[in-house]
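Before any comments, here is the structure.
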Amino acid sequence: MVRKPPSRKGSMADVPKDLLAQIERLEELFSVSKEKLIAISDHFVKELEKGLSKEGGSIPMNPTWCMAFPDGHEEGTFLALDMGGTNLRVCEITLTEEKGEFDIIQSKYKMPEELKTGTAEELWGYIADCLQQFIEYHHEGEDLPQLPLGFTFSYPATQEYINHGILQRWTKGFDIAGVEGQDVVPPFEAALAERGLPIKLTALINDTTGTLIASAYTDTEMKIGAIFGTGCNAAYMENCGSIPKLAHMNLNPDHPMAINCEYGAFDNEHVILPRTPYDVIIDKESPRPGQQAFEKMIAGLYLGELFRLVLLDLHQNPDVEIFQGQDMSKLQRPYCLDASFLSAIEEDPFENLSETSDLFHHKLNLSCTKPELELCRRLAELIGTRAARLSACGIAAICKKKGYTACHVGADGSVFNKYPHFKARGAQALRDIFGWGKEVKKDPIVIMAAEDGSGVGAALIAALTLKRAKEGNLAGIRDVDALLNCHKPMPN
Ligand code: BGC
């Protein structure tokens, strides 16, 4: 059965004319029709191809040097490090001989907010300190062998090797000077060496690639790994022969290569996405204007900010009466609302929207009338629905490009996992794009919860890299001798 995502559109009877007119304007601005979704995904396919070409395009389409799916027989103990926006997670993963099984221990560390705009030394020092704490806590007094590490660094990086990565640009609000344009591996390894840690960075990976590989470990239908979280992006397996920008390397054309699309950068040139004036402000006031056009319309980092900008704009509009005579100072603080605020509004189970009312009161010091609450509710729904529908265009584009008519997409990230109705709205958008009507009983392309990409996925990619190094298949691997010392006692 095809279930339409729910909407509260019906409950607008008592809303005054000025607010009703604004709701209609917002509906116009934020709704994306079926026809538009199709046009966006068709254009998206061309942009993915451009990204793979020698000339390049807006979408980076970064080759990752992850050149195989796991076969389920990977073995050994690996560290995995995930540098997320809010947390830093360190895992130790032991892949066992049993097909598809593993043991995991992990610790989480808070990523201090100041670090995102601090110095490079502080960043690498903090990360290395966390790794040191992990080792000391879990392996006190042990003589450890050199442990291979899969480092999930979820930012666009140019990789000539899998254990190398030049940061193209910071995304998701990070702004640390002196890192863009540089290989991030040497300063990271220097911080490890200073602390005498028995760790060798074996693979620098993206969260999407990790998600793809971890999901494919347990489900062979998985063709795409996607993140719908603070940022948005996807990875998939390409054939080397379809990557013209790698032609000079004479790789076997049939050999697979995972591509980290970095498609948050889709439509940086603003030719197709239906941007609103609020999207324009978000971009202008971000640390990297002109970058990540697609991401800024759909990713978790920006959903609360979009909502805030709309409400402020309505309040400032002389033709609209909203939050009349109230103290707006809290709402005036940029990025004071995150996506969880919108989630909570959309999840309010009560017809009188009493939870939404409490939320506005506690978080923003605003008391709302019932019509104001109705407007806020509809706005959250519009922003959340637009995010889900546009998100589906990236997935549809990869499927169209690869000719996948049926597959699984492994997805992770706070928006996918926590935002109400995101999955149902995304699934509806895929039906709209591919024209699956009622006669299609089961959606052929399904976006489903992924396995742990930045833990198990990172460990698997490190394992696959060591396996390739041992076999002498060295394309895209540097510092091979040091990698081959992994799992051996630490050299003195
Ligand atoms: C980054 C990607 C990442 C995505 C999801 C984007 O901002 O550029 O590398 O995969 O966020 O975390």
>> Could you check region 184-208 and list, in sequence order, the residues that are free of Cβ contacts under 8 Å to residues at least 24 places away in the same chain and buried (at least 19 other Cβ atoms within 10 Å of the Cβ)?
In response: VAL185, GLU189
> How about region 148-168: which of its residues are hydrophobic (A, V, I, L, M, F, W, C), away from the ligand (no atom under 12 Å from the Cβ) and either surrounded by fewer than 22 Cβ atoms within 10 Å (Cβ to Cβ) or in a strand (DSSP E or B) (or both)?
Replying inline: LEU149, PHE151, ILE166
>> Pull out all pairs, ordered by first then second residue, where Cβ-Cβ is under 7 Å, the residues are six or more apart or on different chains, the first lies in region 15-42 and is over 14 Å from GLN428 (Cα atoms), and the second is in a helix (DSSP H, G or I) and open to solvent by 60 Å² or more (accessible area, probe 1.4 Å).
In response: SER41/LYS400
>> Would you confirm whether or not region 274-286 contains a residue that is within 14 Å of the ligand (Cβ to nearest atom), closer than 26 Å to ASN417 by Cβ and open to solvent by 10 Å² or more (accessible area, probe 1.4 Å)?
In response: yes
>> Quick check on my filter: what residues within region 172-205 are within 16 Å of THR119 (Cα to Cα) and part of a loop (DSSP other than H, G, I, E, B)?
In response: GLY173, PHE174, ASP175, ILE176, ALA177, GLY178, VAL179, GLU180, GLY181, GLN182, VAL184
> Out of all the residues in region 51-74, is one or more over 30 Å from SER242 (Cα atoms) and within 16 Å of the ligand (Cβ to nearest atom)?
Replying inline: no
> What is the residue count in region 405-456 for residues that are among the charged types (D, E, K, R) and under 19 Å from the mean Cα position of the chain (by Cα)?
Replying inline: 6
> Residue check, ARG478 against (1) under 23 Å from the mean Cα position of the chain (by Cα); (2) within 24 Å of MET83 (Cα to Cα); (3) surrounded by fewer than 24 Cβ atoms within 10 Å (Cβ to Cβ), all met but one. Which one?
Replying inline: (1)
> Just one of ASP327, ASP313, ASP319, ASP219 is more than 16 Å from the ligand (Cβ to nearest atom) and under 23 Å from SER343 (Cβ atoms); which is it?
Replying inline: ASP313
> Which residues, taken from region 456-492, are touching a Pro at 6+ places or on another chain (Cβ under 7 Å) and at positive phi?
Replying inline: HIS487
> Could we say that SER343 is among the small types (Gly, Ala, Ser) and exposed (fewer than 15 other Cβ atoms within 10 Å of the Cβ) here?
Replying inline: no
> Is it true that ASP42 is in a loop (DSSP other than H, G, I, E, B), farther than 30 Å from GLU136 by Cα, out of contact with any strand residue (DSSP E or B) (no Cβ under 8 Å at 6 or more places or on another chain) and acidic (Asp, Glu)?
Replying inline: no
> Yes or no: ILE461 more than 16 Å from the ligand (Cβ to nearest atom), over 20 Å from GLY231 (Cα atoms) and of a type in the set (Val, Ile, Thr)?
Replying inline: no
>> Report every pair of residues separated by at least 6 positions or lying on different chains whose Cβ atoms are under 6 Å apart, first residue within region 91-109 and at negative phi and assigned to a strand (DSSP E or B), second surrounded by 15 or more Cβ atoms within 10 Å (Cβ to Cβ) and hydroxyl-bearing (Ser, Thr, Tyr).
In response: THR94/THR77
>> Out of everything in region 227-251 that is more than 9 Å from the ligand (Cβ to nearest atom) and not in a helix (DSSP H, G or I), what residue ends up being surrounded by the fewest Cβ atoms within 10 Å (Cβ to Cβ)?
In response: ASN250
>> Which numbered condition in (1) away from the ligand (no atom under 16 Å from the Cβ); (2) in contact (Cβ under 8 Å) with a residue 40 or more places away in the chain; (3) closer than 28 Å to LYS467 by Cβ is the only one that GLY125 fails?
In response: (3)
> Within region 446-454, is there a residue that is crowded, with 22+ Cβ neighbours inside 10 Å and charged (D, E, K, R)?
Replying inline: yes
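The values are calculated or read from the model by the stated rules, or taken from the named source; none is laboratory data. Here the structure is a predicted model, which means the values were calculated and not measured. Cβ sites come from the backbone with ideal geometry, for glycine too, and all protein chains shown count toward neighbours. To get the accessible areas, we keep the full protein, side chains included, count just its heavy atoms, and leave off ligands, DNA and RNA. Shrake-Rupley method; radii C 1.70, N 1.55, O 1.52, S 1.80 Å.
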